[in-house]
Amino acid sequence: MKRIFLPCLVALAGVFTAMAQESSTQKTSVPKSICTTSVEQPLFQTHLGDSIPYRIPAIATASNGNLIAVSDYRYCGGDIGFGRVDLHYRISDDNGLHWSPEMTMAEGDGVDGSVRCGYGDAAIVADSRSQEVLVVCVTGNTVYGHSTTTRQNPNRVAVIRSYDNGETWNAPEEITESIYSLFDKSALGPVQSLFFGSGRICQSRIVKVGKYYRIYAALCARPGGNRVVYSDDFGRTWNALGNIDESPAPQGDEPKIEELPNGDVVLSSRAWGGRHFNIFNYISRRKATGLWQEVVASQEQEGGVVAKQNACNGEILIINTIDQSKGKTIPVAFQSVPLGPGRYRVGIYYKPLHSSYDYVTPATFATGWEGPYVVSEINSAYSTMCQQSDGRIAFFYEEETYGPGAAYTEMYRPISVSEITGGKYEAKPLNDNALKRMLHIKSK
């Protein structure tokens, strides 16, 4: 049965009066208010009769509070590499209550063998200090896992940039050679095929070299499993993080990366039954020198993250929260996976990081997760998340919303940290000015 989605029209009684309806050619014409419940919305809706499906969610919060949601629009009907795929996007300027019409970020030409045949599997990051937004994606007409995709005929990489918080986008620019060449002299052999893990690229809150805070991205690569790269100029040039002769997760699949509270980074990689975790410890943050530890399978640890009978792309996110029992700030890690069995019941595990001991090794990080909080009660797959300017988590995921066997619809749901953790922790707004803008109150 098709679900009915009702808009959230809840206001803070006695504090703010009802807001006048606004009309815009770019945004839906609906009264705006504070949304205090977790109302899910289909942002990219694949109907049962449609021949063109959507796949692969990516989402980011821009410095002005804009939420930018991105999805593949698959004219070819399959993964990027099989034919024409476009990237579509929508923007919300009020913490997900209303969204712009669907727009095209990058359009494939659909020509066999063309390096512009398609654009898909987006990974996105918005700079915390400027209006810049970066998307890295796969481009071309080669398929990651095919034997014909090699170093000489690679799975291609492109970047797409916005300089106005995601409102408009430059034409895609191919950067394939600059990424592959980082690993040509590896003892593991040259990488034959790779792509950036789709969803969210991580930006450091701590490490700043020059104009920008460092960004990190994790690669799915063959042979040899995952690699991790970083950039200190917001994706204009990239470098390998760690020793190129070793993989941080030799059996890793689609990966994500996140910054730990002390500035080190954690790799979270898709695995059958859960996640592979590894940690990079810095020797010098400025020089980006350090060492990867030994990878562990979280599902094999006590209280680990479990994805029963499936391997699927999920997201890892660490945000600062308030411990409601002690009134103290504490970082909490969140990891999403389909809880299963199979690609079913996407949910979120969480782990409070009380001290550095909780992530001193991959094994300690992989243990002691709480939850999970169930987001979807039906068939559901890939998921990603970021923190909204109002403090809630923007959860963006794939779901068979319109019945078993239906093509995935890309669903958005704002969820409070309190809801996920059963009231134990709550997050502060990221940006008070953006929150006030959402409420149409001018900051004096």
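The values are calculated or read from the model by the stated rules, or taken from the named source; none is laboratory data. Note that the coordinates shown come from a computational prediction; the quantities given were computed from them, not determined experimentally. Positions of Cβ are backbone-derived with ideal geometry, glycine not excepted, and every protein chain shown enters the neighbour counts.
Is one or more of the residues making up region 416-436 at pLDDT 95 or above, crowded, with 18+ Cβ neighbours inside 10 Å and acidic (Asp, Glu)? No, region 416-436 contains no residue that is at pLDDT 95 or above, crowded, with 18+ Cβ neighbours inside 10 Å and acidic (Asp, Glu). Across region 228-282, the qualifying residues are those that are under 17 Å from the mean Cα position of the chain (by Cα) and of a type in the set (Lys, Arg), and the one among them that is surrounded by the fewest Cβ atoms within 10 Å (Cβ to Cβ) is Arg270. Against the test of being under 20 Å from the mean Cα position of the chain (by Cα), of a type in the set (Lys, Arg) and closer than 18 Å to Ser71 by Cα, the options Arg413, Arg392 yield a single qualifying residue, Arg413. Scanning region 69-105 for residues being small (Gly, Ala, Ser), more than 15 Å from Tyr412 (Cβ to Cβ) and at pLDDT 95 or above gives a total of 2.
Scan region 290-298 and tell me whether some residue there is among the polar types (S, T, N, Q) and either closer than 24 Å to Ala60 by Cα or part of a loop (DSSP other than H, G, I, E, B) (or both). The answer is yes; a qualifying residue exists. When restricted to residues that are among the basic types (Lys, Arg) and either touching a Leu at 6+ places or on another chain (Cβ under 9 Å) or in a strand (DSSP E or B) (or both), region 78-131 contains 1. The set of residues in region 203-215 that are under 27 Å from Gln335 (Cα atoms), of a type outside the set (A, V, I, L, M) and either surrounded by fewer than 23 Cβ atoms within 10 Å (Cβ to Cβ) or modelled with pLDDT under 95 (or both) comprises Gln203, Ser204, Arg205, Lys208, Tyr212, Tyr213. Taking Ala311 as the residue in question, decide whether it is more than 22 Å from Ser418 (Cα to Cα) and either touching a Gly at 6+ places or on another chain (Cβ under 7 Å) or buried (at least 23 other Cβ atoms within 10 Å of the Cβ) (or both). When the stated conditions are applied, Ala311 does not pass them. If you check Glu132, Glu102 for being surrounded by fewer than 23 Cβ atoms within 10 Å (Cβ to Cβ), touching a His at 6+ places or on another chain (Cβ under 9 Å) and within 21 Å of Cys386 (Cβ to Cβ), only one passes: Glu102.
Somewhere in region 197-218, is a residue under 19 Å from Gly118 (Cβ atoms), of a type outside the set (Asp, Glu) and assigned to a strand (DSSP E or B)? Yes, that holds for at least one residue.
Within region 321-336, being among the hydroxyl-bearing types (Ser, Thr, Tyr), over 29 Å from Glu399 (Cβ atoms) and touching a residue at least 60 places away in the same chain (Cβ under 8 Å) holds for one residue alone: Ser325. Taken as a whole, the condition of being over 18 Å from Ile201 (Cα atoms), out of contact with any helix residue (DSSP H, G or I) (no Cβ under 6 Å at 6 or more places or on another chain) and modelled with pLDDT of 95 or more does not apply to Gly263. Glu302 passes every criterion in (1) at positive phi; (2) surrounded by fewer than 18 Cβ atoms within 10 Å (Cβ to Cβ) apart from (1). Is at least one residue of region 180-189 free of Cβ contacts under 8 Å to residues at least 24 places away in the same chain, among the polar types (S, T, N, Q) and either surrounded by fewer than 21 Cβ atoms within 10 Å (Cβ to Cβ) or in contact with an Asp or Glu (Cβ under 6 Å, 6 or more places away or on another chain) (or both)? Yes.
Contact annotation: residue pairs with Cβ atoms under 7 Å, 6 or more positions apart or on different chains, pairing a residue in region 40-54 that is under 15 Å from Asn95 (Cα atoms) with a partner that is in a loop (DSSP other than H, G, I, E, B) and modelled with pLDDT of 90 or more, are Leu43/Trp99. Among the residues of region 392-406, those identified as crowded, with 21+ Cβ neighbours inside 10 Å and out of contact with any Phe, Trp or Tyr (no Cβ under 6 Å at 6 or more places or on another chain) are Arg392, Ile393, Ala394, Phe395, Tyr397, Glu399, Thr401.
Per-residue answers, yes or no, for (1) over 16 Å from Asp358 (Cα atoms); (2) among the polar types (S, T, N, Q); (3) outside any strand (DSSP E or B); (4) touching a residue at least 12 places away in the same chain (Cβ under 8 Å):
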{"position": "Asp233", "(1), (2), (3), (4)": "yes, no, yes, yes"}
{"position": "Arg236", "(1), (2), (3), (4)": "yes, no, yes, no"}
{"position": "Gly242", "(1), (2), (3), (4)": "yes, no, yes, yes"}
{"position": "Gly252", "(1), (2), (3), (4)": "yes, no, yes, yes"}
{"position": "Pro261", "(1), (2), (3), (4)": "no, no, yes, yes"}
{"position": "Arg270", "(1), (2), (3), (4)": "yes, no, no, yes"}
{"position": "Ile279", "(1), (2), (3), (4)": "no, no, no, yes"}
